[in-house]
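The values are calculated or read from the model by the stated rules, or taken from the named source; none is laboratory data. Keep in mind it's a predicted model, so treat the numbers as computed, not measured. Ideal geometry is used to build each Cβ from the backbone, glycine not excepted, and the neighbour counts take in all protein chains shown.
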Amino acid sequence: MSKLEERSPARTHEVSNQPPPLEAYNVFESDRALVEALRREGADWAEAEARELGAICGRSDVIAQGVQANENPPRLRTHDRFGNRIDEVEFHPAWHELMRLGISHGLHASPWRDPRPGAHVARAAKFVLLSQVEAGVGCPISMTYSVIPAIRKQPELAEEWEPRFTSLSYDGERLVPAPDKKGALCGMAMTEKQGGSDVRANTTVARPLNGGGPGAEYELTGHKWFCSAPMCDAFLVLAQADGGLSCFLVPRFEPGGERNRFHIQRLKDKLGNRSNASSEVEFHGTWARLVGEEGRGVPTIIEMVNHTRLDCVIGVSAGFRWGTAMAIHHASHRSAFGKLLVEQPLMRNVLADLAIESEAATTGAMWLARAFDEAHAGDERAIELRRLSTPVLKYWNCKRAPVHAVEALECLGGNGYVEESGMPRLFRESPLASIWEGSGNVQCLDVLRAMARDPQSVEAFLAEVAEAGGAEPRIDSAVAELRGELSDLESIESRARHVVERMALALQASLLVRYGDAAVADAFCASRLAGESGRAYGTLPPGTDFGRIIERHSVGI
């Protein structure tokens, strides 16, 4: 054999020093912060359900479905081959499988089907799990979950539609009248091109067909610049009636079985969330039913918005968790300069900081879900806490999401910039929740409105934060600073982002001190409240127990 033949070219392609795929693990069991929160917030009865879904979401074939759904975005078919208007959206089979998984586990309906204590907490935990497979399916699932409190304001509509929306059977692969389906999904169409978040500038007109009034039939004429999940079976829509801006339920089919005049103009070509369809639609004498009273459209639909905002908080925490798990997993198997990345002091600082942010987000999201549980049970204090804390946590978590995703991506180096790693998908997804259901400014102004309308909510919030006082002087200082900020209302609107940021950090710190890991809580207070670190991730102060924090958040495979 010649020397040339001895040099096997295959040796140049031997793969070494690369981490194994992050798969074949239980997404729930590996997330200690989530497991602890599920038990703590009153949903320990759902642990077996969460463990079952966690095992499914960690399977390689299910993870592959998330990739396939994202790589094969939906397609719009406005007409059939004969020229008939059909307005249908086609999805990859992987999308339907993930939707079927989420629906069968009740992510869209379980708190309404079984409204026991902790029901919203249990659902939140499961929403975190599926969102780590593919976040796009969260939109129709979230809106179907969130529509129930709104349609209950019109009892006859709730009697007709709630059994469809809460069915555990997914029947989204065909567009047929809702009575002919095993289950139905709900979407939303509020904003218009000339108004955006200013929905009172909407120009879509509603004309009564039989005298008008709650539950009556109307015709809608106008457009919607953003209609979420247009493949759904019905939608909550805002339109101008004689009595003012009103809320309507618009089904895809009229009572006689004819297709409603729900015309999809185009699907949005979006930065992320590409597996999910977002659209522009037009109404041309579209049949609808009034939900609630004329002129009460915003108060009627706001219950749907409140619950989808909760899901923004939950969904962002899922992104934090997945990015953190990926970064620690990679660093635990990749060597550089003679030792594993996870053993390098500066990398340990970065990984621990990512983990702290993730745990703070998870702890806050699950605590907020419990507030929803208690508010639905009639607890006045929970109602006040929910009203203020929902926009506070949505604002801050969403602002941190893109930065967290970038830092997690950077931990993988060049591999993280490659599409196959999944990190670019996480990064593209990270700004979405900040825009969905109200941008950052909208959330901050909503906090100010809540303060003005219900001063008791401020006291309830500060009292909640102060429960960790005494044991943690840095929280006492944060509460005192907040009281000072809130005492000066003259320029508070221009300072609203600063105020809401401080509120969010104080709340997260208090929850971590009371319920979280001691090392995580101490590092959070030192770096987020006391200013003992820089603003970038990986600037935690000396004395931080990096090893304990990283081990707590490691997947361990």
Is it true that E532 is modelled with pLDDT under 95, closer than 18 Å to E357 by Cβ and either assigned by TED's automatic domain parsing to the domain that holds G364 or of a type outside the set (G, A, S) (or both)? yes
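Quick grid of which residues meet (1) under 20 Å from the mean Cα position of the chain (by Cα); (2) touching a residue at least 12 places away in the same chain (Cβ under 8 Å); (3) surrounded by fewer than 24 Cβ atoms within 10 Å (Cβ to Cβ):
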site: Q18; (1), (2), (3): no, yes, yes
site: Y25; (1), (2), (3): no, yes, yes
site: D31; (1), (2), (3): yes, yes, no
site: L38; (1), (2), (3): yes, yes, no
site: E47; (1), (2), (3): no, yes, yes
site: Q65; (1), (2), (3): yes, yes, yes
State all residues of the stretch 396-408 that are of a type in the set (A, V, I, L, M) and surrounded by fewer than 22 Cβ atoms within 10 Å (Cβ to Cβ); if no residue qualifies, say none. V403, V406
Looking at the stretch 303-310, is at least one residue closer than 30 Å to A206 by Cα and touching a Lys or Arg at 6+ places or on another chain (Cβ under 7 Å)? yes
Would you pick out the residues in the stretch 334-345 that are among the aliphatic types (A, V, I, L, M) and surrounded by fewer than 16 Cβ atoms within 10 Å (Cβ to Cβ)? A336, L340
Filter the stretch 471-523 down to residues that are hydroxyl-bearing (S, T, Y) and in contact (Cβ under 8 Å) with a residue 24 or more places away in the chain and give me whichever is farthest from E36 (Cα to Cα). S477
Going by the structure shown, is L489 among the hydrophobic types (A, V, I, L, M, F, W, C) and either in contact with a His (Cβ under 8 Å, 6 or more places away or on another chain) or not in a helix (DSSP H, G or I) (or both)? yes
Considering L245, L249, L236, L267, which residue is crowded, with 16+ Cβ neighbours inside 10 Å, aliphatic (A, V, I, L, M) and more than 26 Å from P177 (Cα to Cα)? L245
Could you check, for the stretch 124-140, whether at least one of its residues is modelled with pLDDT of 95 or more and under 23 Å from G378 (Cα atoms)? yes
Please give the number of the condition E162 fails out of (1) under 16 Å from L236 (Cβ atoms); (2) at pLDDT below 95. (2)
Hey, among the residues in the stretch 85-125 that are in a helix (DSSP H, G or I) and basic (K, R), which one's surrounded by the most Cβ atoms within 10 Å (Cβ to Cβ)? R123
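Counting only residues that are assigned to a loop (DSSP other than H, G, I, E, B) and touching a residue at least 60 places away in the same chain (Cβ under 8 Å), which one in the stretch 223-248 is farthest from I435 (Cα to Cα)?
Of everything passing the filter in the stretch 223-248, D233 is farthest from I435 (Cα to Cα).
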Could you list, in sequence order, the residues of the stretch 530-551 that are in a loop (DSSP other than H, G, I, E, B) and of a type in the set (V, I, T)? T539, T544
I'd like the full set of residues that are outside any helix (DSSP H, G or I) and either surrounded by 15 or more Cβ atoms within 10 Å (Cβ to Cβ) or under 27 Å from the mean Cα position of the chain (by Cα) (or both), limited to the stretch 444-473. D454, A468, G469, E472
Inside the stretch 167-222, can you point out the residues that are at pLDDT 95 or above, part of a helix (DSSP H, G or I) and surrounded by 15 or more Cβ atoms within 10 Å (Cβ to Cβ)? A178
Would you pick out the residues in the stretch 101-147 that are of a type in the set (G, A, S) and under 22 Å from D61 (Cα atoms)? G102, S104, G106, A125, S131, A135, G136, G138
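One line per residue, one yes/no per condition, for (1) aromatic (F, W, Y); (2) outside any helix (DSSP H, G or I); (3) surrounded by 23 or more Cβ atoms within 10 Å (Cβ to Cβ); (4) modelled with pLDDT of 95 or more:
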position: F283; (1), (2), (3), (4): yes, yes, yes, yes
position: T286; (1), (2), (3), (4): no, yes, yes, yes
position: I314; (1), (2), (3), (4): no, no, yes, yes
position: S332; (1), (2), (3), (4): no, no, no, yes
position: V350; (1), (2), (3), (4): no, no, yes, yes
Residue pairs within 9 Å by beta carbon, gap of at least six or interchain, first lying in the stretch 204-216 and closer than 11 Å to Q240 by Cα, second β-branched (V, I, T) and buried (at least 18 other Cβ atoms within 10 Å of the Cβ), listed first then second, are T204/V237; A206/V237
Has the stretch 146-163 got at least one residue that is under 18 Å from N273 (Cα atoms) and not in a strand (DSSP E or B)? no
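Can you tell me which residues in the stretch 122-163 are more than 14 Å from the chain's Cα centre (by Cα) and in contact (Cβ under 8 Å) with a residue 60 or more places away in the chain?
Within the stretch 122-163, A122, V147, P149, A150, I151, K153, Q154, L157, W161 qualify.
Confirm whether I435 is out of contact with any helix residue (DSSP H, G or I) (no Cβ under 7 Å at 6 or more places or on another chain), assigned by TED's automatic domain parsing to the domain that holds R453 and under 30 Å from D454 (Cα atoms).
Values: out of contact with any helix residue (DSSP H, G or I) (no Cβ under 7 Å at 6 or more places or on another chain): yes; assigned by TED's automatic domain parsing to the domain that holds R453: yes; under 30 Å from D454 (Cα atoms): yes.
So I435 passes the test.
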Take the residues in the stretch 474-494 that are surrounded by fewer than 17 Cβ atoms within 10 Å (Cβ to Cβ), in contact with a helix residue (DSSP H, G or I) (Cβ under 9 Å, 6 or more places away or on another chain) and of a type in the set (D, E, K, R); name whichever of them is nearest to A375 (Cα to Cα). R483
So, of the residues in the stretch 428-443 that are part of a helix (DSSP H, G or I) and not charged (D, E, K, R), which turns out to be nearest to the chain's Cα centre (by Cα)? A433
